[in-house]
Every structure is written in structure tokens, then in C-alpha cells.
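The values are calculated or read from the model by the stated rules, or taken from the named source; none is laboratory data. Here the structure is a predicted model, which is why all the values come from computation and not from measurement. In this analysis, Cβ positions are derived from the backbone assuming ideal geometry, glycine residues included, and neighbour counts consider all displayed protein chains.
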Amino acid sequence: MYQWLPNDPGLLEKPGVVLAASLAGLLCLLGWRSAVPLDAGVIVGFSLVSVLLLPFTLPHMHERHFS
């Protein structure tokens, strides 16, 4: 997502961290308020989503983990 934005290091760091934290909080809220019981499959699904979501939304993480 950050590869299409300007390459100014200070421009998107704070909004990117806020975006990633709010998405992680939304994922936690979704798991907490879900009507589906949290069995092993659901927990593995949430883990997979968090492992894929956070490196792509945090600034500079895609350069470390996906290069």
C-alpha cells in the first residue's frame, strides 16, 4: 500500500501506525463480540488475518518482511 505513496519517511509514519492499531483493535473487537464460538479454527483464522494484516499496514514493515 505504501509503494504508491510519496517516499517521505515522516509523512505517513504516525497515520500508518494509527491505521494499523485501529485495524488490530477492530480485529480484537470482532473476535470479542462475535456470535461464533472461538474454537481452534476461528483462532487460527484470526491469527492468519493478523499476521497478514499488520505487516502490510504498518509503515516500513513490508520492506523488512516481504523483500
Inset, instruction - Return only the number of the condition from (1) surrounded by 12 or more Cβ atoms within 10 Å (Cβ to Cβ); (2) at pLDDT 80 or above that residue 34 does not satisfy. - result: (1)
Inset, instruction - Please specify each residue of region 7-29 satisfying the condition of being at pLDDT 85 or above and touching a helix residue (DSSP H, G or I) at 6+ places or on another chain (Cβ under 8 Å). - result: 19, 20, 23, 24, 27
